[in-house]
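Asker: This is the structure I want to talk about, given as structure tokens.
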Amino acid sequence: MADPIGPVDSSKVPRYAGRDGFARLPRLDQVGRADVVVAGVPFDSGVSYRPGARFGPTHIREASRLLRPYHPALDVSPFAIAQVADAGDIAVNPFNIGEAIETIEDAAISLTEGGTRLVTFGGDHTIALPLLRAAAKRHGPVALLHFDAHLDTWDTYFGAEYTHGTPFRRAFEEGIIDTEALSHVGTRGPLYGKRDLEDDRRFGFGIVTSSDVYHQGVNEVIAKLRDRIGDRPLYISIDIDVLDPAHAPGTGTPEAGGMTSRELLEILRGFRGLNLIGADVVEVSPPYDHAELTGVAASHVAYDLVSLLALRHDEGIA
Ligand code: MN
Ligand code: MN
């Protein structure tokens, strides 16, 4: 394959001009195929509190214009070792959640054909279910690291089975996640009752709470999670509300006492070498953001995920 086509050269075109794709990368249709793609899912019909995440993909892309091509902490130029492109947004029905879920699954299957790795920008957390279905079709039941203030293993809400609070319960019921290797990270805040935790444990989830991250520290958390995941195919789902509202105010269901963006990025960097196959960053709601705090955090988190996937590609592991 030809040399990768990288982002727009910021020494020639200032960062606030030019392409509007993630990190000013080319569009997928400009490069034909890619090793890593990002795609947006502008969908927030599954939210239980504040809406607005349908505008998340655009906001993450806008905040990503300041991302530079070399990642010093991982010592990698992700856009040079892999063809990375922006596939744009998946157009989903805002009035029919069932249909939206099917559209997302189909799009994810088609985008990952031939082994392309996908990082998806939400959208609310409902979208993780079809993304996991697509991942499981390719890899079998996947290990899951779920960064979130919330468990998202609730059953129904107002009678609805498919909402942003239920994707991982549905994924367990469908047998698409590996129950030996599931962890929530950053969980905190009040629950409806103790039963929430009992159900969650029954599905196989381990929990690293936000307090655990504080008391144990990032390195111990990384070691524990790596031990649990091993070399299984791993999917990472990041609800931006895992960060404290001080770091990510622009989200649907904020909870006090969250991680800093530094802690989250450090944990992700500790996953180098794991068999990461795909990821999402969800629940960015720009109407509640200010000073681009949430957008900057989400775009940097996405950059780290893309970098890990590019490294994985470079190691030649499908
Ligand atoms: Mn959440
Ligand atoms: Mn969530």
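Asker: Condition (residue is modelled with pLDDT under 95 and of a type in the set (Lys, Arg)) applied to the stretch 54-76: is it met by at least one residue?
Answerer: No, the stretch 54-76 contains no residue that is modelled with pLDDT under 95 and of a type in the set (Lys, Arg).
Asker: Within the stretch 111-130, can you find the residues that are assigned to a helix (DSSP H, G or I) and either open to solvent by less than 10 Å² (accessible area, probe 1.4 Å) or within 18 Å of residue 94 (Cβ to Cβ) (or both)?
Answerer: Once the filter is applied, which keeps residues that are assigned to a helix (DSSP H, G or I) and either open to solvent by less than 10 Å² (accessible area, probe 1.4 Å) or within 18 Å of residue 94 (Cβ to Cβ) (or both), the stretch 111-130 yields 125, 126, 127, 128, 129, 130.
Asker: Could you tell me whether the stretch 210-220 includes any residue that is within 16 Å of ligand 2 (Cβ to nearest atom), of a type outside the set (Lys, Arg) and either within 27 Å of residue 140 (Cα to Cα) or open to solvent by less than 20 Å² (accessible area, probe 1.4 Å) (or both)?
Answerer: Checked the stretch 210-220: at least one residue is within 16 Å of ligand 2 (Cβ to nearest atom), of a type outside the set (Lys, Arg) and either within 27 Å of residue 140 (Cα to Cα) or open to solvent by less than 20 Å² (accessible area, probe 1.4 Å) (or both).
Asker: Provide a single number: the residues in the stretch 157-172 that are of a type outside the set (Gly, Ala, Ser) and in contact with a Phe, Trp or Tyr (Cβ under 9 Å, 6 or more places away or on another chain).
Answerer: 6
Asker: Out of 250, 230, 258, 270, report the one residue that is away from ligand 1 (no atom under 16 Å from the Cβ) and either open to solvent by less than 30 Å² (accessible area, probe 1.4 Å) or closer than 15 Å to residue 299 by Cα (or both).
Answerer: 270
Asker: In the stretch 139-153, how many residues are within 16 Å of ligand 1 (Cβ to nearest atom) and either assigned to a loop (DSSP other than H, G, I, E, B) or in contact with a helix residue (DSSP H, G or I) (Cβ under 6 Å, 6 or more places away or on another chain) (or both)?
Answerer: 7
Asker: Out of 248, 291, report the one residue that is assigned to a loop (DSSP other than H, G, I, E, B) and touching an Asp or Glu at 6+ places or on another chain (Cβ under 9 Å).
Answerer: Of 248, 291, the one residue that is assigned to a loop (DSSP other than H, G, I, E, B) and touching an Asp or Glu at 6+ places or on another chain (Cβ under 9 Å) is 248.
Asker: Would you confirm whether any residue within the stretch 284-297 is within 16 Å of ligand 2 (Cβ to nearest atom) and over 29 Å from residue 5 (Cα atoms)?
Answerer: Within the stretch 284-297, one or more residues are within 16 Å of ligand 2 (Cβ to nearest atom) and over 29 Å from residue 5 (Cα atoms).
Asker: Give the residues of the stretch 146-163 that are hydrophobic (A, V, I, L, M, F, W, C) and within 13 Å of ligand 2 (Cβ to nearest atom), sorted by residue number.
Answerer: Answer for the stretch 146-163, where residues must be hydrophobic (A, V, I, L, M, F, W, C) and within 13 Å of ligand 2 (Cβ to nearest atom): 147, 149, 151, 154.
Asker: Given 85, 80, which one is assigned to a strand (DSSP E or B) and either without any contact (Cβ under 8 Å) to a residue 40 or more places away in the chain or not β-branched (Val, Ile, Thr) (or both)?
Answerer: 85
Asker: Do we have any residue at all in the stretch 154-166 that's open to solvent by less than 10 Å² (accessible area, probe 1.4 Å) and touching a helix residue (DSSP H, G or I) at 6+ places or on another chain (Cβ under 6 Å)?
Answerer: No, the stretch 154-166 contains no residue that is open to solvent by less than 10 Å² (accessible area, probe 1.4 Å) and touching a helix residue (DSSP H, G or I) at 6+ places or on another chain (Cβ under 6 Å).
Asker: Of all residues in the stretch 53-74, count the ones that are aromatic (Phe, Trp, Tyr), closer than 16 Å to residue 269 by Cβ and not in a loop (DSSP other than H, G, I, E, B).
Answerer: Number of matching residues: 0.
Asker: Sticking with this structure for a sec: Examine the stretch 296-306 for a residue that is on the phi > 0 side of the Ramachandran plot and surrounded by fewer than 24 Cβ atoms within 10 Å (Cβ to Cβ), and state whether such a residue exists.
Answerer: Looking through the stretch 296-306, none of the residues is on the phi > 0 side of the Ramachandran plot and surrounded by fewer than 24 Cβ atoms within 10 Å (Cβ to Cβ).
The values are calculated or read from the model by the stated rules, or taken from the named source; none is laboratory data. No experiment lies behind these values; they were computed from the predicted model shown. Neighbour counts are summed over all protein chains in view; Cβ atoms, including those assigned to glycine, are modelled from backbone coordinates with ideal geometry. For the accessible areas, the whole protein counts, side chains as well, though only heavy atoms, and no ligand, DNA or RNA atoms are used. Shrake-Rupley method; radii C 1.70, N 1.55, O 1.52, S 1.80 Å.
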